[in-house]
């Protein structure tokens, strides 16, 4: 992150002041939305069991969509009792037979929802095994979310690959499509024509080239918990490229296993880009914690996919750009290791993966490359006046994977989270903590907010409430003046979608420029009101101001105008006190200290009803406000002739 200078000249109200309290309010706001929500899975009966293990035994070819074989599911009953085993499999797939706990049973269907009525109800906590034998041609179509795709490369190489995100795993295997039921382990046996290669999740345990003449069987195995939509196969006449990453500062190493098309048309420059995967893994591991599946592998299977799909430990990808390689790799942390709790919270996956693009570009290509990526995405976001990051319509992939909102606006929110952190180290500590607490499981936006609040030391509930669940973005008009070494800045915020969101709590950067002194400095403010005045100390003769120079905030800006008279009157009347003071600790158990005050400034502490509890004056620019005898709650402190600010007592 490029910061020339962060002035601590009492620019913020310690970020906690005037902040709307209530993570619970954010939850209510979410639940009050009118939503077109996809249920967690297709049938409530799927909630009656928890999948522990999957064994795939499939026969496929690189030249056709046709597949046949069986999948065995081992699961534990979570309901009080379970009388039906319910799963999902597309109607184009023909079920040959089904065996539950050793008994052959009939299968009925209502569309793709398949039901097996059990001879006797299974009790809570009991285990069962269901083996489904089936065959057929999976559905296919144009676009990204096809389930199974057969394609031919420009060089004539045939391929078959899967993309199960979000709800098309059912197109090729009997699945329970719930993002909250992670499978503990998977064995994948894929039989293909001799000379054809399969890439899949986990470790390659064996390639059996003997048992079935003319065919090879690939055995992949993973023991890391995995979501159903991240299970994959990719079949083609691949060439395998293996290497090992040695983690910085450690004797540990991990396997990198890539599969590229075995044809002269595969550009060698593409391979060079994928050879950088190890460096990116090592860098991201230094930021977010070690690559979560390091004891198995990471790799890519190259296909003609118009993008990438972050299948766990083995990304399916069709573009060679290192920025997209970094994006898909980031998903191994955000999306795969920690998966969103609900589909509406897709931002926790795609927003962070898109944020990783600028991290990668800045680290490996320099500040200008990262800035250019942020500016590119901001320009797109500004074209969507009422865009929301939280997905209220999760009924299909068009809204669920809205790039402008979920990806580009989402990454901008992560950037602002970073900008609000007390330091970069605290920001990345928050992300590592999130990985540690929720790794191999699911997490919600509230889980992320709780970690950030705890480590930042102040509440960001209003920030998340407005940016995640609100619509649009702020628009700024700016006026400024300089009196001696004091710079006065007035920000007036309107919004692009005022009918839905009237104010955004927003960190903003301001760059001061002095042409006569050939100098500049960048300061930060936290905008918490539609009209807000800030003061800063800068001795250089200032002649211009730029808002958001490093594109660290989602906002539209106008040119800053120098305005002498009005702002000087604010300064002389003392009405800017509440924008320049610093109060700490806040929240507090005993007392609050206030600094950066003019001499003999009057102070009045009252409860939220306005009843006066204490009065005093500043001495040498500071004061102590007693709180020992106060009950826990919120209080107001009136500072001089300025506005009241909120104090929180634990």
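The values are calculated or read from the model by the stated rules, or taken from the named source; none is laboratory data. Just so you know, these numbers come straight off a predicted model, no measurement behind them. Using ideal geometry, Cβ is built from the backbone for each residue, glycine included, and neighbour counts are taken over all protein chains shown.
For segment 297-325, give me each residue that is in contact (Cβ under 8 Å) with a residue 40 or more places away in the chain, over 18 Å from the mean Cα position of the chain (by Cα) and not in a loop (DSSP other than H, G, I, E, B).
If the condition is that a residue be in contact (Cβ under 8 Å) with a residue 40 or more places away in the chain, over 18 Å from the mean Cα position of the chain (by Cα) and not in a loop (DSSP other than H, G, I, E, B), then 298, 299, 300, 301, 302, 314, 316, 322 are the ones that fit.
Please verify whether segment 520-529 includes one or more residues that are in a loop (DSSP other than H, G, I, E, B), surrounded by fewer than 16 Cβ atoms within 10 Å (Cβ to Cβ) and without any contact (Cβ under 8 Å) to a residue 60 or more places away in the chain.
Within segment 520-529 (the criterion being in a loop (DSSP other than H, G, I, E, B), surrounded by fewer than 16 Cβ atoms within 10 Å (Cβ to Cβ) and without any contact (Cβ under 8 Å) to a residue 60 or more places away in the chain), the answer is no, since none of the residues qualifies.
Could you figure out which of (1) in contact with a helix residue (DSSP H, G or I) (Cβ under 7 Å, 6 or more places away or on another chain); (2) within 26 Å of residue 299 (Cα to Cα); (3) surrounded by fewer than 18 Cβ atoms within 10 Å (Cβ to Cβ) isn't true of residue 397?
(1)
Residues of segment 363-399 being under 23 Å from residue 435 (Cα atoms) and assigned to a helix (DSSP H, G or I), which ones?
363
Looking at this structure, is residue 145 in a strand (DSSP E or B) and either outside the structural domain of residue 230 (by TED's automatic domain parsing) or surrounded by 14 or more Cβ atoms within 10 Å (Cβ to Cβ) (or both)?
no
Please verify whether segment 259-274 includes one or more residues that are surrounded by fewer than 16 Cβ atoms within 10 Å (Cβ to Cβ) and under 29 Å from residue 441 (Cα atoms).
no
I'm trying to understand the selection: among the residues of segment 148-178, which are assigned to a loop (DSSP other than H, G, I, E, B) and in contact with a helix residue (DSSP H, G or I) (Cβ under 7 Å, 6 or more places away or on another chain)?
Within segment 148-178, 164, 165, 166, 176, 177, 178 qualify.
Kindly indicate which of 488, 445, 478 is assigned by TED's automatic domain parsing to the domain that holds residue 541, in contact with a helix residue (DSSP H, G or I) (Cβ under 7 Å, 6 or more places away or on another chain) and closer than 22 Å to residue 553 by Cβ.
Selected residue: 488, the only one of 488, 445, 478 that is assigned by TED's automatic domain parsing to the domain that holds residue 541, in contact with a helix residue (DSSP H, G or I) (Cβ under 7 Å, 6 or more places away or on another chain) and closer than 22 Å to residue 553 by Cβ.
How many residues, within segment 326-353, are in a helix (DSSP H, G or I) and either modelled with pLDDT under 95 or under 8 Å from the mean Cα position of the chain (by Cα) (or both)?
Looking only at that region, the number is 7.
Restricting attention to segment 402-448, report how many residues are surrounded by fewer than 18 Cβ atoms within 10 Å (Cβ to Cβ), touching a residue at least 12 places away in the same chain (Cβ under 8 Å) and outside any helix (DSSP H, G or I).
Qualifying residue count for the region: 5.
Do you know which of the residues in segment 595-625 that are without any contact (Cβ under 8 Å) to a residue 60 or more places away in the chain, touching a helix residue (DSSP H, G or I) at 6+ places or on another chain (Cβ under 8 Å) and under 13 Å from residue 582 (Cα atoms) is surrounded by the most Cβ atoms within 10 Å (Cβ to Cβ)?
Taking the candidates together, the pick is 597.
Is there a residue in segment 36-56 that is on the phi > 0 side of the Ramachandran plot and modelled with pLDDT under 95?
No.
Answer with yes or no whether residue 181 is assigned by TED's automatic domain parsing to the domain that holds residue 68, closer than 18 Å to residue 71 by Cα and part of a loop (DSSP other than H, G, I, E, B). Steps first, answer last, please.
Values: assigned by TED's automatic domain parsing to the domain that holds residue 68: yes; closer than 18 Å to residue 71 by Cα: yes; part of a loop (DSSP other than H, G, I, E, B): yes.
Yes.
Sort out which residues of segment 626-650 are in a strand (DSSP E or B) and free of Cβ contacts under 8 Å to residues at least 40 places away in the same chain, and write them in order of number.
626, 633, 635, 636, 638 - these are the residues of segment 626-650 that are in a strand (DSSP E or B) and free of Cβ contacts under 8 Å to residues at least 40 places away in the same chain.
Which residue, of 532, 524, is within 32 Å of the chain's Cα centre (by Cα) and under 24 Å from residue 375 (Cβ atoms)?
524
Condition (residue is in contact with a strand residue (DSSP E or B) (Cβ under 6 Å, 6 or more places away or on another chain), modelled with pLDDT under 95 and within 18 Å of residue 340 (Cα to Cα)) applied to segment 430-444: is it met by at least one residue?
There is no residue in segment 430-444 that is in contact with a strand residue (DSSP E or B) (Cβ under 6 Å, 6 or more places away or on another chain), modelled with pLDDT under 95 and within 18 Å of residue 340 (Cα to Cα).
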